[in-house]
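Step one of this worksheet: look at the structure below.
Nothing in this text is a laboratory measurement; each read-out follows from the coordinates by a stated rule. All of these numbers come straight from a predicted model, not from anything done at the bench.
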Ligand code: ZN
C-alpha cells in the first residue's frame, strides 16, 4: 500500500490494531455474516437498533488489515445514525470506493482514509466488506420489523 498517503496509512493501521466496536452485544437486534472469498476476509456484525437508530455496533472477524480497519471505521461512522442515514452513508462509501464520488470526510470520519484504496481494485472488496455487512444487517432488520411478507416454510 505504498501509494497511500502516510497519514491515511497510519489511520488504517491504527484501526486495524485497535478495532473500534470490536466484540459482541448481549441481545443484538440483528446479526449478519459477510465473507470476501477473494481475500479470505470475514466479518460477523451485530447491530442494536432502537427507535430507528443504530444505537450500538459490534463486530468480530478476521482478515487483512484493510477489511478489519474498514469494519472498525464503519462501526464508528454509523453508530448513532438513523437507519436511512446509515444506509445513505454506506452507499456514499461504496460510490467513493468505486471512484464515482469524492469522499465526504465530515460524514465518513476516519473512513475517508480508505479513499486511496480505490486505486487498488483487488482491495476494494476488502474495504467494502464491513459496509456491505452493515447494509445487509439494516435491510434484514427492516424486513423483520415490517413483518413477514412471504409465506413461511
Ligand atoms: Zn482483504
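For this structure, a couple of remarks:
- Normalised by the number of residues in the stretch 20-153, the average gap of Cα pairs under 8 Å and 6 or more apart makes the relative contact order 27 percent.
- Rounded, prolate or oblate (a/c below 1.5 giving rounded, otherwise prolate when a/b exceeds b/c) for the stretch 42-116 by Cα gyration tensor: oblate
- Listed residues 114, 25, 89, most fluctuating in the chain (Gaussian network, C-alpha, under 10 Å): 25
- Taking each DSSP H run with n ≥ 4 as -39500 (n - 2.57) and averaging over every residue of the chain yields -15000 deg cm²/dmol at 222 nm.
- Of the two radii for the stretch 1-143, the radius of gyration is 0.94 times the Kirkwood radius, both from the alpha carbons; that is the Rg over Rh value.
- Inter-part distance where the stretch 94-126 and the stretch 3-58 are each reduced to a Cα centre, Å: 16 Å
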